[in-house]
Structure formats: C-alpha cells, structure tokens
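Worksheet: the structure to be examined is printed underneath.
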Amino acid sequence: MKDRIGYVAGQIWHLLNEQGELTPIKIKAQLGLSNTMLYLALGWLSRENKVNIVQFEYSYKISLC
C-alpha cells in the first residue's frame, strides 16, 4: 500500500507542477482518485513539505512549496 500511496503522491506532484494551484476536487477528478487515496497522498506530500494547503471558503487550495 505504501508504494501505491507514494505513486499517487507523485502523480499529484506532477499535476500541480503542470497546472499550478488546484482544489482537492479538481485533483481527484483529473486523476480519478478515491477520497481515501487522495487524502493519503496529500498527507504524504504534506509530511515531506512538498505542498502548501490553504483553506479557501469551504475547501482548500493546494500548491507546490
């Protein structure tokens, strides 16, 4: 499972690198992820200080550090 989470974290990083700041809903839709996998991978990236997560209205905006 750790390998899968790391792989998805890489996909998210590349998506953010290409498109810039996105919301979790846009990331989920573009990569076809479940909520669980999305947030596991975002946690991974956050722990490694690779992403900024900022509250925006009723959601969040995610960008690379």
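The values are calculated or read from the model by the stated rules, or taken from the named source; none is laboratory data. None of these values were measured; they are calculated from a predicted model. Cβ coordinates were reconstructed from backbone atoms using ideal geometry, including for glycine residues, and neighbour counts include every protein chain displayed. Ligands, DNA and RNA are stripped out before the accessible areas are found, and what is left, the full protein with its side chains, is counted by its heavy atoms. Shrake-Rupley method; radii C 1.70, N 1.55, O 1.52, S 1.80 Å.
Only residues that are assigned to a loop (DSSP other than H, G, I, E, B) and either touching a residue at least 40 places away in the same chain (Cβ under 8 Å) or among the charged types (D, E, K, R) (or both) were counted in segment 13-29, giving 2.
Scanning segment 30-56 for residues that are open to solvent by less than 60 Å² (accessible area, probe 1.4 Å) and in a helix (DSSP H, G or I) gives 31, 37, 38, 41, 42, 43, 45, 46. The residue list 59, 63 contains one member that is at pLDDT below 95 and either open to solvent by less than 60 Å² (accessible area, probe 1.4 Å) or in contact with a strand residue (DSSP E or B) (Cβ under 9 Å, 6 or more places away or on another chain) (or both), which is 59.
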